[in-house]
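Input: a single structure, listed below in structure tokens.
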Amino acid sequence: MFDGATPPGPGPLRLAIISTYDEMCGIAGYTRALEQQLRPHAEVTVFDLDQYLLRSPHARVQRLADRHIKDIASRLADFDSVNIQLEYGTLGRTSGQIVRRFKRLVTAAPAVSVTFHTILGHDPLDWAALGRSLITGRIFRMFRIIGSHRRNRDIAARTYRLLRASQRVRPVNVIVHTKRDARLLHDVFRLRNVDHHPLSFVASDQAGRIRDAAMRDHFPILRTLPADAKLIGSFGFLSPYKGFETALRALHYLPEDHHLLIFGGIHPQAIKRGQALDPYIQTLLDESHIGRTILDTVSEKGTPLTLNLDAASKELLARHPEDLHRRVHFLGVHNDEAFMRAMALCDVVVLPYLEVGQSSSGPIAMAVEMGCRVLASRTLAFLQFARYHPGQVEFFDIGNYAELADLIRADTPAPRGERILSYNTETNAALYLAANQPRVRRWTPRRVKPPESKAPQPERVTKETVA
């Protein structure tokens, strides 16, 4: 049993991790954190999945991408075990590319663990969305919904089938971020050896050092704010499912000294050529009434307006009365350590995400580990995360900005250094070490009867190993 201080088995584990690494994305950030957690106990080598090659639509570049995967696979025999941080889209653009490349990596590894960041294949077809598309005449959207659903089911079915077959002949372990996902993979998709652990980024002592060193001067925009300003932080790439507009609406019902800080930007893969302004950023600006006037609002409602205004009235109407430009601040994209410093400076971290079937979230894990006061929308992923950290997250219903405003005004103090987490970087490292230690198991293929077939099995759905 791993004791949290020394690696199990004789000698250090030689572990390869296959993941995006240098990209500004959540998977890369988690891999960097995981690497630091494992280095005291194992020899870790990270193979960076080149997203330029793997995501390119050009046929010639795709051939180079296949060679890139082949080169990685050719080196895996030198390791004791291989961990694949699986986000399907990082392996390719089509289901054929994704499954083919995943299969090459799995079959080349002497032993493998797969960390699923997205669970596909269990959601039913969205008949309501299809009906709305049909009624409104959006036929192409209807076909996109059907095509996306079929693609996801195809990728999932082929991936799970590959892993089931691999588990018969070599050590294959699966890691997910919620107990619900672990049960789903075990009970529905018949995978064995499924473990679960929430995302974990920063140890408590490191979090304390970051908090102690954090200063507003690290972020030039924050220098301009009053010293007594209440800081509300929202974190993540700017995307409609993040629900930041809920935080903006809540800000209208908070005192003037409350400021909303939006840390994040458009994801690099969402940047489009020739687009003057991303539609979601426009949504946030409109919700904040930034750059708008009362005349814009009246005009949008279709009311003709003919006024003879004096100079004072014109100046009054030059800016919308609910313009939040002095209280909403976009602070851009930062690395993980800067995100943590920013969280340490915030009075409250607000994560108003929508429900999109997501299974995990880096920002909520960072915020809890940093000792922040965390307010999160009641999504399934956040509810599952809170099961690992009881009492550490305050919830509000998705989109309910009135409830969110009341929670912020309640001003519950953040736990800071008083928070003790049962699931942390040490337990996360222990799980990965156990899942990638084939040398300390006597591996028995599923079709071979174990020597002691009547031996009691662990009361877990997560491991079927022979002592």
Subtract the Cα-Cα distance of ARG223 and ILE420 from 0.36 nm times their separation in residues, and report this length gain in nm to one decimal. 67.7 nm
Provide, in order from the shortest bin, the percent of all Cα-Cα pairs of region 81-192 in each 5 Å bin, continuing until the bin that contains the maximum pair distance. 2, 11, 20, 21, 18, 11, 7, 5, 3, 1, 0
Here D for region 87-130, in µm²/s, from Stokes-Einstein with a Kirkwood Rh over Cα pairs at 20 °C and 1.002 mPa s, works out to 171
Full-extension gain between ILE271 and PHE395, please, as 0.36 nm times their residue separation minus the C-alpha to C-alpha distance. 41.4 nm
Around LEU125, with a cut-off of 15 angstrom between Cβ atoms, what is the net charge of the other residues, counting Lys and Arg +1 and Asp and Glu -1? +3
Report the convex hull volume per residue for region 369-416, counting only C-alpha atoms, in Å³. 68
The base-10 log of I(q)/I(0) that the Debye equation returns for region 210-256 at q = 0.16, 0.18, 0.31 Å⁻¹, one scatterer per C-alpha, is -0.64, -0.79, -1.13
So, over other residues within a Cβ distance under 14 Å of THR45, counting Lys, Arg +1 and Asp, Glu -1, the net charge is -2
Local charge sum around LEU134 (other residues, Cβ-Cβ under 15 Å, Lys/Arg +1, Asp/Glu -1)? +3
Looking at ILE271, PHE235, LEU254, which one has the Cα that reaches farthest to the positive end of the dipole of region 221-278 (charges on Cβ: Lys, Arg +1; Asp, Glu -1)? ILE271
Distant-in-sequence amide H partners of ASN173 (H built 1.01 Å from N, under 5 Å): VAL112, SER113, VAL114
P(r) for region 43-123: what percent of alpha-carbon pairs falls in each 10 Å bin, starting at zero? 17, 52, 27, 4
Thinking of region 181-301 as a set of Cα atoms, what percent of all their pairs are more than 17 Å apart? 74
Quick one: work out Rg over Rh on the C-alpha atoms of region 128-249, Rh as Kirkwood radius. 1.14
Provide the per-residue ³J(HN,Hα) series for region 258-263, in order, calculated from phi with Karplus coefficients 6.51, -1.76, 1.60 and θ = phi - 60°, each as a whole number of Hz, with x at glycine and proline positions. 8, 10, 9, 10, 9, 9
Grab the Cα-Cα distance for ARG161 and VAL188, subtract it from 0.36 nm times how many residues apart they are, and report the gain in nm with one decimal. 8.5 nm
How far apart, in nanometres, would the label points at TYR253 and GLN206 be if each is projected 7 angstrom from Cα along the Cα-to-Cβ direction? 3.8
For VAL333, other-chain or 5+-apart residues with amide H closer than 5 Å (H placed, Pro excluded) are GLY264
The Kirkwood hydrodynamic radius of region 1-137, taken as the inverse of the mean 1/r over all distinct Cα pairs, in Å, comes to 16.8
Arrange the peptides 261-267, 276-282, 207-213 so that the one whose residues have, on average, the most other Cβ atoms within 10 Å appears first. 261-267, 207-213, 276-282
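Read-outs throughout are calculated quantities, based only on the coordinates presented, and are distinct from any laboratory measurement. Only a predicted model underlies this, so the values are computations on that prediction, with no experimental measurement involved. Don't worry about glycine lacking a Cβ; one is built from the backbone with ideal geometry, like all the others, and counts go over all protein chains shown.
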